[in-house]
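Undergrad: Pasting in a structure now, in structure tokens, and then I'll have a few things to ask.
The values are calculated or read from the model by the stated rules, or taken from the named source; none is laboratory data. Everything numeric in this text was worked out from a predicted model, so none of it was measured. Don't worry about glycine lacking a Cβ; one is built from the backbone with ideal geometry, like all the others, and counts go over all protein chains shown.
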Amino acid sequence: MKAQTKETQAAITPDSAIEMLKEGNERFAANKKADRDLLEQVGDTASGQYPFATILSCIDSRVSAELIFDQGVGDIFSARVAGNIVNEDLLGSIEFACKLAGTKVVVVLGHTACGAVKGACDDAKLGNLTTLLHKIKPAVAAVPEPSDAGLRNSGNIDFVNAVARKNVKMTIENTRSLSPVLKEMEDNGEIKIVGAMYDIKDGSVTFMS
């Protein structure tokens, strides 16, 4: 499999970009990775890069976007931060990726058993992490069930995963509201901004409708 070129990137639509990611994850989950020469791709991309997707994911060591979507050198921009939240720096990076470098889809990728989400559920406090987890707290509050305070913590994995899904959706909402650049591109059909969840147990990614 060859690296993306200006021509191949231009031919990709937001919908086909999502399909390429889905197909890549299917290969990963089936342990049937595409045949590619990564060093050859290093050479092919030395004079320029033409990625087709931008993935905003968690820093979790089990959730490497390039691996779980079976992509090679120069295929995707990977932005990573605990809890896959957005701030000005991340939004600026994603704006660069879409507006200037031509990616066709932004995927906000959450995952099951997320440590950052667990920390937010437990109201954990630790240095600068406290400020980061505060950005996830609205997702915790937005999940109504269970109402029993004793079950709204990291010990309840179903609650944790529900908060993780809600956090993905709220990150998408924040992306649209805080980045007029990306909102305009999406409104014009140039990109799509979508959410997805990675299951750390089986390696599968489920895209949200």
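Undergrad: Provide a single number: the residues in the range 168-209 that are of a type outside the set (A, V, I, L, M, F, W, C), touching a strand residue (DSSP E or B) at 6+ places or on another chain (Cβ under 7 Å) and in a helix (DSSP H, G or I).
TA: The total comes to 5.
Undergrad: For the range 105-140, what are the residues that are touching a residue at least 60 places away in the same chain (Cβ under 8 Å) and either surrounded by fewer than 16 Cβ atoms within 10 Å (Cβ to Cβ) or not β-branched (V, I, T) (or both)?
TA: Across the range 105-140, the qualifying residues are L109, G110, H111, A113.
Undergrad: Looking at the range 12-39, which of its residues are among the hydrophobic types (A, V, I, L, M, F, W, C) and within 27 Å of T206 (Cβ to Cβ)?
TA: Scanning the range 12-39 gives I12, A17, I18, M20, L21, F28, A29, A30, A34.
Undergrad: Condition test on D44, is it more than 23 Å from C114 (Cα to Cα) and without any contact (Cβ under 8 Å) to a residue 12 or more places away in the chain?
TA: Against the criterion (more than 23 Å from C114 (Cα to Cα) and without any contact (Cβ under 8 Å) to a residue 12 or more places away in the chain), D44 does not qualify.
Undergrad: Which numbered condition in (1) assigned to a loop (DSSP other than H, G, I, E, B); (2) under 30 Å from E19 (Cα atoms) is the only one that I94 fails?
TA: Single failed check for I94: (1).
Undergrad: Of the residues K104, K125, K137, K118, which single one is more than 25 Å from D15 (Cα to Cα), touching an Asp or Glu at 6+ places or on another chain (Cβ under 9 Å) and at pLDDT 95 or above?
TA: After ruling out the rest, the residue left standing is K137.
Undergrad: Separate question: Among the residues of the range 129-156, how many are of a type in the set (S, T, N, Q) and out of contact with any helix residue (DSSP H, G or I) (no Cβ under 6 Å at 6 or more places or on another chain)?
TA: Result for the range 129-156: 4.
Undergrad: Select from the range 64-73 the residues that are crowded, with 22+ Cβ neighbours inside 10 Å and part of a loop (DSSP other than H, G, I, E, B) and list them in ascending order.
TA: Residues satisfying the conditions are F69, D70, Q71, G72.
Undergrad: Right, something else. Take G48 and tell me if it is modelled with pLDDT of 95 or more and buried (at least 21 other Cβ atoms within 10 Å of the Cβ).
TA: no
Undergrad: In the set K104, K169, which member is in contact with a Phe, Trp or Tyr (Cβ under 8 Å, 6 or more places away or on another chain), within 23 Å of I68 (Cα to Cα) and among the charged types (D, E, K, R)?
TA: K104
Undergrad: Moving to a separate point now. Which members of the range 80-98 meet the condition of being touching a helix residue (DSSP H, G or I) at 6+ places or on another chain (Cβ under 7 Å) and crowded, with 21+ Cβ neighbours inside 10 Å?
TA: G83, N84, I85, V86, I94, C98
Undergrad: Could you list, in sequence order, the residues of the range 110-123 that are in contact with a helix residue (DSSP H, G or I) (Cβ under 6 Å, 6 or more places away or on another chain) and aliphatic (A, V, I, L, M)?
TA: Once the filter is applied, which keeps residues that are in contact with a helix residue (DSSP H, G or I) (Cβ under 6 Å, 6 or more places away or on another chain) and aliphatic (A, V, I, L, M), the range 110-123 yields A116, V117, A120.
Undergrad: Another question about this same structure. Return the only residue of S47, S61 being closer than 30 Å to L129 by Cβ, of a type in the set (G, A, S) and outside any helix (DSSP H, G or I).
TA: S61
Undergrad: Checking K192 against (1) surrounded by fewer than 14 Cβ atoms within 10 Å (Cβ to Cβ); (2) in contact with a helix residue (DSSP H, G or I) (Cβ under 6 Å, 6 or more places away or on another chain); (3) charged (D, E, K, R), only one condition comes out false. Which one?
TA: (1)
Undergrad: Scan the range 1-18 and give yes if some residue there is without any contact (Cβ under 8 Å) to a residue 24 or more places away in the chain, in a helix (DSSP H, G or I), among the charged types (D, E, K, R) and within 14 Å of E66 (Cα to Cα), otherwise no.
TA: No - not one qualifying residue is present in the range 1-18.
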